[in-house]
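First the structure, in the form of structure tokens, and then the observations on it.
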Amino acid sequence: MEGNLRVQLAGLTFSYPCMLASGVLGYSAETMQRVIEAGAGAVVSKSVGLKARDGYTNPTVFQAKNGLINAMGLPNPGIETYVKEIRHVKELICQPLIVSIFGYSAEDYAIVAEKAATAGADALELNVSCPHVKQTGAEIGQNPNVLSEVVKAVKAAVNIPVFVKLSPNVTDITLLANAAVNAGADALTAVNTLKAIAIDIETTKPVLSNIKGGLSGPAMKNIALRCVYDLKEKLPNTPIIGCGGVSNWQDAIEFFLAGANAIQIGTAIAYEGPEVFQTINLGIKKYLEKKQFRSIEEIVGLSHRR
Ligand code: SIN
């Protein structure tokens, strides 16, 4: 199956173009192994920070029309504990492991980054886009100066590729992307979830314990796609990983045509299980053959041609 599905990005080679998005099945080595066996080209871990966090109390997930709204609250065991899991994942899988990290300051990000890299991460994805946890995530990624400081600190701390996961909850995503790339980001992941709310008409109250959360899944696909398109237009030489509502091979092709070099899949796994990777890989392969393209690279950004 591999053949023309291989993609290269920021110095890494991926046998398949679809990666596991952060936050779904990315907690334990065994679940990540399962996803790789199902046809993912890489896995992105659940975001990990300097210290353990319990996350929010339930309810933390709501099934909306055509998507999920989640506010987990960045639960994680802290990097000191998580390094054992990173080492274990590296024993089990031979595809790249991308560790998603977050912090409350540039220094926090740099410390977590260094520990994850030393434990064996192949790349890092900076979560500067969680839409609802205070003093981190989007509060960092919506400010170009703070974002730039964080990226510079991480780049100075590690020698592995650094991806920056951008927020769609901004007026002009390309301004933030520019700041990240000028500070040394090796690739951009576009995008994290859209800030959203659900209200229960019986109780008359918001459904989630945190009140607001992030919308993912098909409901946001065309917004994520527009973000990728904008980024490709403004930063044509920066690798982009498309993320947001990809649930079938047609969605994946749309993201490549918009400018993504690879894609991430998250919510679709909740609906269809890890088998969705194999189905999407097969669909992409058949499309390339039918259209007589030799590789995914040949179609990246094609929709920009006039
Ligand atoms: C969460 O843990 O609440 C979600 C994290 C994110 O959206 O980045």
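Readers should treat all values here as calculations from the given coordinates under stated rules, not as data from a laboratory. Given the structure is predicted, the values throughout are model-derived calculations rather than measurements. Reconstructed Cβ throughout: ideal geometry from the backbone, glycine too, with neighbour counts over all protein chains shown.
A helix-only calculation puts the chain at -11000 deg cm²/dmol for mean residue ellipticity at 222 nm, using -39500 (n - 2.57) for each DSSP H run of at least four residues, averaged over all residues.
Of the beta bridges in the chain, as assigned by DSSP with both residues counted there, near 40 percent are antiparallel. Near Arg53, the amide H atoms lying under 5 Å from its own belong to Asn76, Gly78; only residues 5 or more places off or on other chains count, and H is placed 1.01 Å from N.
Using a 7 Å offset from Cα along Cα-Cβ at Glu233, what residues in segment 280-303 end up with backbone N under 13 Å from the label point? So the set is 303.
The largest-to-smallest principal axis extents of the Cα set in segment 1-134 are 44, 40, 25 Å.
With the convex hull drawn around the C-alpha atoms of segment 180-285, the volume per residue stands at 127 Å³.
The Rg/Rh ratio of segment 130-176, with Rg taken over Cα atoms and Rh as the Kirkwood radius over Cα pairs, comes to 0.97.
In this calculation the C-beta distance from Thr203 to Gln292 is compared with R0 = 51 Å, giving a FRET efficiency of 0.35.
List Lys234, Lys165 from most exposed to least, where exposure is judged by having the fewest other Cβ atoms within 10 Å. Walk me through the numbers on the way to the answer.
Details: Lys234 15, Lys165 28.
Listing Lys234, Lys165 from fewest to most nearby Cβ atoms yields Lys234, Lys165.
Legend: ranking of residues Tyr16, Tyr271, Tyr109 from fewest to most surrounding C-beta atoms inside 10 Å; resulting order Tyr271, Tyr16, Tyr109. Each residue in Leu215, Leu92 was given a count of other beta-carbon atoms within 10 angstrom of its own, and listing them fewest first yields Leu92, Leu215.
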